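J.: Mind having a look at this structure? Questions to follow.
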Ligand SMILES: [Fe+2]
Ligand SMILES: [Fe+2]
């Protein structure tokens, strides 16, 4: 089972990518300044988009594997905080069927992304279709992020949620998830996928 802990990512790889380093710096700033939940989620979206962009320029298996492990970790943490803290509050804030439908679609997009994530977690870059799966995962995430930023963020802003309080809770939970993450997270993803099918 591969290690998806970002702490295992080769630091020399990170130092080669200026954009990622700048986003890490922004993460540090966010620990000192109050950020509303929209800004926290947007920063995550931008970071993962940058990681997918970096993948296009990699050729050797070692760096591909390291970058994919970082992408999987970022997506796992981001999807988990949204599902635990953000999505339920949106559902509770609106009775309207169109909002509930929007959240059903968001859940389903997470589900589809997790199928590809779970496959990539046990694959090697030399395996058939590895690059294609990274590309398709990037496209799925891009579509999902586009809908969240266009439609879901609007609903969050129009709700009565305390956006800064929720932003703090999301940052705290993200930190916990990053500290406790182990390779067994892939097993958690599979368990969730199994549970989802019974809905
Ligand atoms: Fe999401
Ligand atoms: Fe998101």
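J.: Would you list the helices (runs of 4 or more DSSP H) that sit entirely within the stretch 71-180 and hold 1 or more residues that are closer than 21 Å to residue 58 by Cβ? Before the answer, list the steps.
T.: Working: elements: 87-93, 97-121, 130-147, 153-158, 163-180.
Ranges flagged: 97-121, 130-147.
J.: Checking the condition farther than 23 Å from residue 154 by Cα and within 16 Å of ligand 1 (Cβ to nearest atom), which residue from 116, 40, 48 passes? Walk me through it before giving the result.
T.: Numbers: 40 fails: farther than 23 Å from residue 154 by Cα; 48 fails: farther than 23 Å from residue 154 by Cα.
Matching residue, one of 116, 40, 48: 116.
J.: Sticking with this one: What residue, of 70, 97, 83, 74, is touching a residue at least 24 places away in the same chain (Cβ under 8 Å) and over 23 Å from residue 166 (Cα atoms)?
T.: 70
J.: Residue 92 fails exactly one of the following numbered conditions: (1) within 16 Å of ligand 2 (Cβ to nearest atom); (2) loosely packed, with under 14 Cβ neighbours inside 10 Å; (3) under 25 Å from residue 171 (Cβ atoms). What is the number of that condition?
T.: If we test residue 92 against (1) within 16 Å of ligand 2 (Cβ to nearest atom); (2) loosely packed, with under 14 Cβ neighbours inside 10 Å; (3) under 25 Å from residue 171 (Cβ atoms), just (1) comes out false.
J.: What number of residues within the stretch 25-55 satisfy the criterion of being assigned to a helix (DSSP H, G or I), within 16 Å of ligand 2 (Cβ to nearest atom) and modelled with pLDDT of 95 or more?
T.: Number of matching residues: 16.
J.: Please work out if residue 58 is within 28 Å of residue 179 (Cβ to Cβ) and assigned to a loop (DSSP other than H, G, I, E, B).
T.: Details: within 28 Å of residue 179 (Cβ to Cβ): yes; assigned to a loop (DSSP other than H, G, I, E, B): yes.
When the stated conditions are applied, residue 58 passes them.
J.: Sticking with this one: Please find, within the stretch 73-89, the residue that is surrounded by the fewest Cβ atoms within 10 Å (Cβ to Cβ) out of those that are over 12 Å from residue 177 (Cβ atoms) and more than 12 Å from ligand 2 (Cβ to nearest atom).
T.: Restricting attention to the stretch 73-89, the residues satisfying the condition of being over 12 Å from residue 177 (Cβ atoms) are 86-89.
Next, only the ones that are more than 12 Å from ligand 2 (Cβ to nearest atom) stay: 88-89.
Values: 88: 12, 89: 16.
Among residues in the stretch 73-89 that are over 12 Å from residue 177 (Cβ atoms) and more than 12 Å from ligand 2 (Cβ to nearest atom), the one surrounded by the fewest Cβ atoms within 10 Å (Cβ to Cβ) is 88.
J.: Of the residues 158, 151, which is more than 18 Å from residue 68 (Cβ to Cβ), surrounded by 12 or more Cβ atoms within 10 Å (Cβ to Cβ) and in contact with a helix residue (DSSP H, G or I) (Cβ under 9 Å, 6 or more places away or on another chain)?
T.: Working: 158 fails: surrounded by 12 or more Cβ atoms within 10 Å (Cβ to Cβ).
The unique qualifying residue is 151.
J.: Also, quick follow-up: In the stretch 46-72, how many residues are closer than 16 Å to residue 171 by Cβ and surrounded by 19 or more Cβ atoms within 10 Å (Cβ to Cβ)?
T.: Just the residues of the stretch 46-72 that are closer than 16 Å to residue 171 by Cβ, to begin with: 46-47.
From what's left, surrounded by 19 or more Cβ atoms within 10 Å (Cβ to Cβ): 47.
So the count comes out to 1.
J.: Only one of these is more than 16 Å from ligand 1 (Cβ to nearest atom) and at pLDDT below 95: 15, 93, 61. Name it. Outline the logic, then answer.
T.: On the way: 93 fails: at pLDDT below 95; 61 fails: at pLDDT below 95.
Exactly one residue qualifies, and that residue is 15.
J.: Quick check: is even one residue across the stretch 62-72 touching a helix residue (DSSP H, G or I) at 6+ places or on another chain (Cβ under 7 Å), within 17 Å of residue 152 (Cα to Cα) and within 16 Å of ligand 2 (Cβ to nearest atom)?
T.: no
The values are calculated or read from the model by the stated rules, or taken from the named source; none is laboratory data. Quick caveat, the model's predicted, so the values are computed rather than measured. Quick reminder, even Gly has a Cβ in these numbers, built from the backbone with ideal geometry, and neighbours come from all protein chains shown.
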